[in-house]
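What follows is one structure encoded as structure tokens, with my remarks underneath.
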Amino acid sequence: MLMTDGKTTSTYLPDLESLVSQDDLNQLNCRTTQILTFAASRTRWADLLMYCSLECTLDVFRHCYLRNEYRWSYRTRYVNENDLALLGFDLIHIPQWDVDDFRRDLPGIVSAGHAVLVHLPRGHFAYWRDFLTRFSVPVAEHMDLHSFLVCGIDPAGDLTVVDNANQAHAFQRYILSAAELDTALSADAGRCLVGNLVVKDRRDEPDIAGLLRRYTDLMTAFDDSFEIYDRMAESLSMERITAAETYQSPAVNSLAILAGSRSFFSRFLALTSHSVAVKQIFAANAEAITRVLNRASQYHAGVGGVSMDALRRQLSQLRRRERQALHLLKTDLGRSPIGVVPREGT
């Protein structure tokens, strides 16, 4: 604990209110969202991490259809350790954190302005149990590991975390009580405080040129046939029967990943010297995929009067729009080197 005037005090991450979720669609896994949100609270260039967010649709198909996995377990290429280093952040890995060491180390780490991310089974904590119950998440999934962004500790050992376990998926403050943590450790010691990270803000100037070189190399070689849209048009009607909950539908999960990745990529493009036409078509495509995601969710739930014929037409249009956008972007890359546009304060 930190000592002030001879008394033990609570310790919190500086500028705690600046932690605002960067994942409006709640598409990323918990840890990626937390790292991105922390980076965005510390640098105006965080969206440069999204240079590689234009996910290949074949990878999305393999994840959602062949492996039948949810959107939140998709391993994104973006917000990776090497790119974070170029942006001015280091990741310190702590595979297993002894609880006494954790409590001893936490105040000094957070007061220095670094983020602490720990894995714990979420079902041990009251606010997560309430959230999972409200949204009818199967009981078998309640004890899945969750990454907690720990931002403070008080003299009683209660932890302050910032999390998005609410209907709006907005980051809010929650408390992990010392009693809840003790219960988790007693019942699930081998799965608590595992795979931990400290995200250290070096406060260095970002290597923007290095990130743009990686972007140019990646997108020059990027190719995609976007056939996943045809697959979704074929499978959605059957998934209405086979997937009990909307979030279990492979098509809905695929659309969520695609909508999120295109939205993130559009945010990256906004920082670059790409043409207005390229920026506009990718922004429009991100919005269009999000609309189809919402309609596919309504169709699966049987609300809103959404027809399968309309969805098929919209999915066919999305495939054409994605192909057109990629063609325009590659043409732009071939014309001249890509830089960044001036931003306020630069």
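The values are calculated or read from the model by the stated rules, or taken from the named source; none is laboratory data. In this text the structure is predicted, and so the values were computed from the model without any measurement. For neighbour counting, all protein chains shown are included, and Cβ atoms are generated from backbone atoms with ideal geometry for every residue, glycine included. Remember, those area values only see protein heavy atoms, side chains included, never the ligands or the DNA or RNA. Shrake-Rupley method; radii C 1.70, N 1.55, O 1.52, S 1.80 Å.
So here's what we get for this one:
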read-out: Leading residue by the ranking (nearest to GLU322 (Cα to Cα)) among those in the range 259-278 that are open to solvent by 20 Å² or more (accessible area, probe 1.4 Å) and over 22 Å from the mean Cα position of the chain (by Cα); value: ALA277
read-out: Selected residue (only one of LEU218, LEU193 is surrounded by fewer than 14 Cβ atoms within 10 Å (Cβ to Cβ) and either closer than 26 Å to GLU55 by Cα or of a type outside the set (Val, Ile, Thr) (or both)); value: LEU218
read-out: Members of the range 42-81 found to be closer than 26 Å to VAL278 by Cα and among the acidic types (Asp, Glu), listed by number; value: ASP47, GLU55, ASP59
read-out: Exclusive hit being among the basic types (Lys, Arg) and out of contact with any Asp or Glu (no Cβ under 8 Å at 6 or more places or on another chain), set ARG122, ARG202, ARG104; value: ARG104
read-out: Among the candidates ARG31, ARG62, residue that is part of a helix (DSSP H, G or I), out of contact with any helix residue (DSSP H, G or I) (no Cβ under 9 Å at 6 or more places or on another chain) and over 23 Å from ARG214 (Cβ atoms); value: ARG62
read-out: Residue in the range 74-96 that is touching a Gly at 6+ places or on another chain (Cβ under 7 Å), of a type outside the set (Ser, Thr, Tyr), under 23 Å from GLY157 (Cα atoms) and open to solvent by 40 Å² or more (accessible area, probe 1.4 Å) present; value: yes
read-out: Test: residue in the range 173-182 that is assigned to a helix (DSSP H, G or I), under 30 Å from ALA325 (Cβ atoms) and either at pLDDT 95 or above or touching an Asp or Glu at 6+ places or on another chain (Cβ under 7 Å) (or both); value: no
read-out: Residue among GLY108, GLY210, GLY190 that is assigned to a helix (DSSP H, G or I) and either of a type in the set (S, T, N, Q) or free of Cβ contacts under 8 Å to residues at least 24 places away in the same chain (or both); value: GLY190
read-out: Among (1) open to solvent by less than 80 Å² (accessible area, probe 1.4 Å); (2) in contact (Cβ under 8 Å) with a residue 24 or more places away in the chain; (3) part of a helix (DSSP H, G or I), the one test that ARG231 misses; value: (1)
